[in-house]
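Read-outs: derived from the displayed coordinates by stated rules, not from any lab. The structure displayed is predicted, hence computed values, not measured ones. Reconstructed Cβ throughout: ideal geometry from the backbone, glycine too, with neighbour counts over all protein chains shown.
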Amino acid sequence: MRLVLATFASTLTLLVAARAPAELLSLQTSTMCEQVSTDVSRWTPALGPVVEYVADVFVSRGNAWIGLGSDATGYWSAETSSVDACDDLSCNELELVHTGNDGKRRTWRVARHDEPSLKAVVKKRLFSLAAKEWPVATLTHDETMQVAKHAADGSMAKAPTWWVEIVRTKGAMRFGIRAEVEGCWCTYRWRAWVLAKG
């Protein structure tokens with residue numbers, strides 16, 4: 001499922017994209033910061049090689065949160081952080097992130113969107129991480145992905161604190177974008193937390 005999330009006003013609109021089986025979800029919320037949009041998806045081996053998939057999404061879309069699967073210690077994702085200091089995608093950075101079962105996060109920088117030969121850079125870095133820290137060959141994909149609750153017409157009374165929920169046998173995790181003001185710029189970074197079981 002591929003979702004597109006955007007923050008800027010105070011309603012939520014749900015539109016079904018023409019390409020099945022994707023959904024286009026446009027979240028709109030009031031913030032001090034400008035618009036940010038993110039493609040949200042969940043990779044499984046049926047979608048082809050993970051390195052190719054992540055590289056294609058980041059190069060073509062610029063903003064992304066991609067669920068990659070679980071290992072014994074937590075959940076892996078590819079996440080984009082951004083800053084509105086740039087008028088285009090050049091400030092966006094892709095990171096490989098492991099969110100532990102205890103909620104602690106480890107982050108590995110993959111690439112910045114303005115790097116020359118971007119797709120090759122992303123693939124080379126991901127292959128390097130797969131050879132060391134990222135156990136891509138043994139990840140499991142039995143989780144389900146949900147998006148923030150919204151009305152049938154897509155409206156939402158207030159901005160969501162979480163945008164994506166991953167439900168696994170070891171418990172659920174929620175992910176959301178935090179907008180922060182740094183000087184005169186707004187930065188957008190993903191954050192995560194673990195939900196208590198039961």
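Structure data summary
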{"quantity": "Kirkwood-based Rg to Rh ratio, region 40-198, C-alpha trace", "calculated": "0.96"}
{"quantity": "Leu118 versus Leu89: modelled label distance in nm, points set 7 Å from Cα along the beta carbon direction", "calculated": "0.4"}
{"quantity": "Within region 77-142, GluC sites (Glu not before Pro) in DSSP loop having at most 13 other beta-carbon neighbours inside 10 Å", "calculated": "Glu133"}
{"quantity": "Point-to-point label distance, Cys184-Thr144, nm (Cα→Cβ direction, 7 Å offset)", "calculated": "4.8"}
